[in-house]
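One structure is given here, and the rest of the page talks about it.
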Amino acid sequence: MAAAASLRALLEHSIDYAGMFPPCSLELEPALTNHARYARLDDRWMLNAFVLPVAQFDAAKQFLALFDPSHPLCISALGPKTENAAAFLEALEETDAAIRSFAAHNVDLVSISQLEMFLPGDVDSSLLQEARSIVGDLPAFWEAPAERAERTIALLAEDNSNADHPTFGYKMRTGGVTAEAFAASAQIAPALVAPATHQVPIKFTAGLHHPLRQYREEVKTKMHGFLNMLGAAVLAAEHRWDAAQTAAMLEDESVSSFKFDDEFFAWRDWKIDIKRLGDRRRFVTTFGSCSFDEPREDLRALKLF
């Protein structure tokens, strides 16, 4: 059974493979070996970039033979976490230099599609302008905790309004390896509504390798589903949902609520057509997952493809 066109539109290039991170926590070589294999699968349409810490760039060079010009290594560069604005700016300059050097190392085998980096709470609009002067047109997703989401998104929107393209986006952490790492749906929902208002790209990370919200014994809590998360972000933008409506979709654990065909994606009575879905995906980008196998296996188990 092939994936319905609307499912494909929702999930195309949606998974940033983060095999080096918990709970998988693979070493660099097996993680890159996995990514090289995934890039050659029939299901590679779901695969986006490989999440690689900047500190591992030099080590990764010795494994580039795993890739070829038809299947290059596309990287989401992960910068270091800093505690304050001054340290952030210094680390960003070093990160940018490392990105430029690595991208030039072998242009046939390596491309860097985006930057991910934690944004300290004291970063303001003037410092973001400095950040833009450093990274240029490279798309960057700035992470901030859920309680700072709306303020961060508004800050990024202000900076994007002065640029030709909205290349600064918000990175939301939606889980982890312990119950307390999972933000409540009521916390997440306002952060899904705000980007739609401000036209700020959003990506997600952690605890999203299952399609639907469900209780998982390994974390002793309910994990968010990537169909819930991506679907709610898209529909919230399309239908101007409020946070309460958005949270209701995040909480849904029933596959029967989700409908995918070759013309529309629908959740309950709300729907969006293929073209509009593609347009909305420009601002609802990817989610990081330490597994590329589990999301696909679960979708098959749900008979979605």
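The values are calculated or read from the model by the stated rules, or taken from the named source; none is laboratory data. Everything quoted here is computed from the prediction, not taken from an experiment. Cβ atoms come from the backbone with ideal geometry, glycine included; neighbour counts cover every protein chain shown. Please note that ligands, DNA and RNA were not included when accessible areas were found on the heavy atoms of the full protein model with its side chains. Shrake-Rupley method; radii C 1.70, N 1.55, O 1.52, S 1.80 Å.
Quick notes on this one:
- In region 1-13, the residues that are open to solvent by 10 Å² or more (accessible area, probe 1.4 Å) reach residues that are assigned to a helix (DSSP H, G or I) and not charged (D, E, K, R) with C-beta atoms within less than 6 angstrom, at least six apart or across chains, in these pairs: A5/I274; A9/I274; A9/L277; A9/G278; E12/W45.
- Test: residue in region 99-114 that is modelled with pLDDT of 95 or more and in contact with an Asp or Glu (Cβ under 6 Å, 6 or more places away or on another chain): no
- Residue match in region 39-53 (condition: touching a helix residue (DSSP H, G or I) at 6+ places or on another chain (Cβ under 8 Å), of a type in the set (A, V, I, L, M) and over 19 Å from S291 (Cβ atoms)): no
- Evaluation of V107 against the conditions (1) among the hydrophobic types (A, V, I, L, M, F, W, C); (2) touching a residue at least 12 places away in the same chain (Cβ under 8 Å); (3) in a loop (DSSP other than H, G, I, E, B) shows that the sole unmet condition is (2).
- The numbered conditions (1) buried (at least 16 other Cβ atoms within 10 Å of the Cβ); (2) in a loop (DSSP other than H, G, I, E, B) are all true for K81 except (1).
- If you check D261, D273 for being over 20 Å from the mean Cα position of the chain (by Cα) and closer than 15 Å to A3 by Cα, only one passes: D261.
- Candidate set from region 110-167 (those that are free of Cβ contacts under 8 Å to residues at least 24 places away in the same chain and part of a helix (DSSP H, G or I)); member that is farthest from the chain's Cα centre (by Cα): S126
- Check on A233, touching a residue at least 12 places away in the same chain (Cβ under 8 Å) and farther than 23 Å from G278 by Cα: no
- Of D16, D43, all but one fail to be surrounded by fewer than 19 Cβ atoms within 10 Å (Cβ to Cβ) and either modelled with pLDDT of 95 or more or in a helix (DSSP H, G or I) (or both); the exception is D43.
- The test for being in contact (Cβ under 8 Å) with a residue 24 or more places away in the chain, open to solvent by 40 Å² or more (accessible area, probe 1.4 Å), in contact with a Phe, Trp or Tyr (Cβ under 7 Å, 6 or more places away or on another chain) and among the small types (G, A, S) does not hold for A36.
- Subset of region 202-256 (residues that are of a type in the set (S, T, N, Q), farther than 24 Å from P166 by Cα and open to solvent by less than 20 Å² (accessible area, probe 1.4 Å)): N228
- Region 257-283: number of residues that are open to solvent by 100 Å² or more (accessible area, probe 1.4 Å) and in a loop (DSSP other than H, G, I, E, B): 5
- Condition broken by A237, with the remaining ones in (1) modelled with pLDDT of 95 or more; (2) assigned to a helix (DSSP H, G or I); (3) under 22 Å from L155 (Cα atoms) satisfied: (1)
- On inspection, F67 does not qualify as within 15 Å of the chain's Cα centre (by Cα) and among the aromatic types (F, W, Y).
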